[in-house]
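Novice: The structure is given below, and queries will be raised subsequently.
We did not get these values from a lab; they are worked out from the coordinates using the rules stated. Not measured: the values here are computed from a predicted model. All Cβ positions, even for glycine, are placed from backbone atoms using ideal geometry, and neighbour counts span all protein chains on display.
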Amino acid sequence: WRTSAADLIQNHLTFMLFHHTAIFPKELWPKGIVTFGMGLLESEKMSSSKGRVILAAEALQRYGADRIRLFLRQGAGPWQDFDWKEKEVGLYREKLEKWAEWFRQRWEEVKGGGKGRIDLWLKSKVSQIVKEVTESLESWQIRKAGLKAFFEFWDALRWYCRRTEAGEALREAMETWLKLLAPWIPHLTQELWEWIGKQGFIHEAGWPEAGKTDPKLEMGEELIRRTMEDIREIIKLKGQPKSIRIYTAPEWKHEVYQLVLEALERKAVLRDILTDPRVQKHGKRILEWVQRLFKEGKLAEVLTAQEEYEVLKEAEAFFKKEFGCKVEVIEAIKAEGEKAARAEPGKPGIELCF
């Protein structure tokens with residue numbers, strides 16, 4: 001691999017390809033070239049003759065290496081022009097200070113234990129992020145990798161802390177987080193590495209390896225998040241309830257949903273679905289729903305009826321904490337009323353009681 005600048009494509013880099021092709025066997029040809037973008041200063045081209053430059057030594061003295069590295073790598077990909085903006089670079093000091101403070105607070109809140117579904121979700125989510133960051137770095141997508149390593153990882157940890165009391169899974173994830181961020185903020189991650197009791201240099205600790213991921217755990221947390229957001233929107237319209245009932249869709253609706261999903265994947269026509277005996281046995285009451293599903297064109301994978309019920313049932317205490325009232329998760333087949341009847345796979349019925 002060769003790294004260079006975009007303005008050398010029309011001469012040096014092109015001739016390099018010609019020369020290697022003419023002189024060397026194919027196995028010695030360049031495997032690829034990465035051309036870095038040009039530097040801008042406050043959205044204008046840098047120019048040493050006009051004094052429009054920012055010296056590396058001066059920037060390091062004023063802002064520190066970590067802030068500069070994080071700003072540059074999150075602001076643009078290697079092949080894009082980066083735009084040095086004093087005000088934005090300055091904001092990264094506060095951003096990193098807040099991050100380090102949050103890290104220390106959460107680390108000290110861990111009380112041990114943590115064997116629930118949410119802990120398993122966190123381990124799966126961390127493995128997914130590690131895999132995606134690694135793949136992005138290997139393909140030179142530095143900005144994409146940095147955004148995932150910093151912000152997406154942080155979002156996952158904040159969601160975990162919101163969902164449950166911090167267990168050992170949190171510390172395991174945070175240790176991985178430091179390793180993942182070390183290329184971007186080496187000095188601060190080293191400081192925190194020592195603070196959590198680790199010896200030696202973080203860069204010698206090895207790059208984290210992605211473990212197993214469980215898509216169903218991710219689907220379960222997404223179901224909880226969507227349900228929470230739907231309830232919040234209803235409360236905005238109707239006010240604070242005394243209690244909330246959440247109805248999960250019955251097994252037969254999941255069966256029909258799966259039929260429509262499979263039909264869309266094989267590009268079947270609507271008539272094929274409506275004439276299917278497994279759909280017709282439920283009568284006209286579901287024809288409109290099936291037609292609506294079919295018109296959506298693409299359906300998401302969902303949990304089974306039992307899995308949806310178990311996921312939401314386990315989250316009852318979380319919903320109660322979020323909304324400050326009693327929350328009950330009920331299987332729609334065991335309830336009556338319009339809200340229960342409208343429950344769909346991936347979209348439970350919601351009833352606010354006043």
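Novice: Mind jotting down the distance between the C-alpha centroids of segment 15-33 and segment 130-195, whole Å?
Specialist: 38
Novice: Fully extended, how many nm does the chain gain between Trp195 and Glu296 (0.36 nm per residue separation, minus their Cα-Cα distance)?
Specialist: 31.2 nm
Novice: So, one more: At what distance in angstrom do the alpha carbon centres of segment 39-91 and segment 239-258 lie from each other?
Specialist: With segment 39-91 and segment 239-258 each reduced to a Cα centre, they are spaced 52 Å.
Novice: What are the ³J(HN,Hα) couplings of segment 117-123, residue after residue, when phi is run through the Karplus curve with 6.51, -1.76, 1.60 and θ = phi - 60°? Round to Hz, x for glycine and proline.
Specialist: Taking θ as phi minus 60°, the curve returns 4, 5, 5, 5, 4, 4, 4 Hz for segment 117-123.
Novice: Among Pro25, Pro186, Pro208, whose mean-square fluctuation peaks in a Gaussian network model of the chain (Cα, cutoff 10 Å)?
Specialist: Pro25
Novice: Could you tell me which trypsin sites (Lys or Arg not before Pro) in segment 22-102 are loop residues by DSSP with no more than 12 other beta carbons within 10 angstrom of their beta carbon?
Specialist: Here the trypsin sites (Lys or Arg not before Pro) that fit, given the DSSP loop and packing criteria, are Lys31, Lys50.
Novice: Here's a follow-up. Enumerate the calculated ³J(HN,Hα) couplings along segment 302-313 in order (Karplus 6.51 cos²θ - 1.76 cosθ + 1.60, θ = phi - 60°), each rounded to whole Hz, writing x wherever the residue is Gly or Pro.
Specialist: Karplus-based 3J(HN,Hα) across segment 302-313 equals 10, 6, 6, 4, 5, 5, 4, 4, 5, 4, 6, 4 Hz.
Novice: Pick out, in residue order, every one of the chymotrypsin sites (Phe, Trp or Tyr not before Pro) in segment 123-210 that is DSSP loop and has at most 12 other C-beta atoms within 10 Å; say none if there are none.
Specialist: Of the chymotrypsin sites (Phe, Trp or Tyr not before Pro), the ones in loops of segment 123-210 whose Cβ has at most 12 other Cβ atoms within 10 Å are Phe201.
Novice: Taking the Cβ-Cβ separation of Gln105 and Ile235 as r and a Förster radius of 25 Å, what is the calculated FRET efficiency to the nearest 0.05?
Specialist: Result of the calculation: an efficiency of 0.25.
Novice: Here is a follow-up. For segment 323-329, what does the Karplus curve 6.51 cos²θ - 1.76 cosθ + 1.60, with θ = phi - 60°, yield as ³J(HN,Hα) per residue in whole Hz, taken in order and with x for Gly and Pro?
Specialist: Listing the rounded values in order: 10, x, 7, 5, 10, 10, 9 Hz.
Novice: Here's a follow-up. Hey, can you grab everything whose amide H is under 5 Å from the amide H of Val327? Only 5+ residues off in sequence or another chain; H modelled, so Pro and N-termini drop out.
Specialist: Ile244
Novice: Then there's this: Figure the gain on full extension for Glu328 and Glu42 (residue separation times 0.36 nm, minus the Cα-Cα span) and round it to one decimal in nm.
Specialist: So the chain would gain 97.5 nm between Glu328 and Glu42.
Novice: Could you pull out every residue, at least 5 positions away or on a different chain, whose amide H is within less than 5 Å of the one on Gly37? Hs are placed 1.01 Å off N in the peptide plane, and Pro or chain starts have none.
Specialist: Under 5 Å from the amide H of Gly37 lie the amide H atoms of Trp79, Gln80, each far enough along the sequence or on another chain.
Novice: Applying 1/(1 + (r/R0)^6) with R0 = 22 Å to the Cβ-Cβ distance of Arg278 and Arg342, what FRET efficiency is obtained, to the nearest 0.05?
Specialist: 0.55
Novice: Let me ask something else about it. Taking 30 Å as R0, compute the FRET efficiency from the Cβ-Cβ separation of Asp83 and Glu218 and round it to 0.05.
Specialist: Using R0 = 30 Å, I get an efficiency of 0.30.
Novice: Normalised by the residues of the chain, what does the relative contact order come to in percent, with Cα pairs under 8 Å and at least six apart?
Specialist: Reported as a whole number, the value is 15 percent.
Novice: I would also like to ask the following. Quickly rank 142-149, 296-303, 318-325 as a protection proxy: mean count of other C-beta atoms within 10 Å, highest first.
Specialist: Highest mean packing first, the order is 142-149, 318-325, 296-303.
Novice: In debye, nearest 20, what is the charge dipole magnitude of the chain about its Cα centre with +1 on Lys and Arg Cβ and -1 on Asp and Glu Cβ, if you could check?
Specialist: Once rounded to the nearest 20, the dipole reads 640 debye.
Novice: Report P(r) for segment 18-124: all Cα-Cα distances, bin width 10 Å, range 0 to the bin holding the largest distance, values in whole percent.
Specialist: 11, 26, 20, 20, 17, 6, 1
Novice: Given 0.36 nm per residue, what is the gain on full extension from Arg2 to Ser243 after removing their alpha carbon distance, in nm?
Specialist: 80.5 nm
Novice: I need the GluC sites (Glu not before Pro) found in segment 194-271, filtered to DSSP loop residues with at most 14 other beta carbons within 10 Å of theirs.
Specialist: Glu209
Novice: Could I ask something else about it? Could you give the nm distance between label points at Arg266 and Leu17, where each point is 7 Å from its Cα heading toward the beta carbon?
Specialist: Between Arg266 and Leu17, the label points sit 4.6 nm apart.
Novice: Taking Rh as the Kirkwood radius computed over C-alpha pairs, what is the Stokes-Einstein D of the chain at 20 °C in a medium of viscosity 1.002 mPa s, expressed in µm² per second?
Specialist: For the chosen part, D equals 87 µm²/s.
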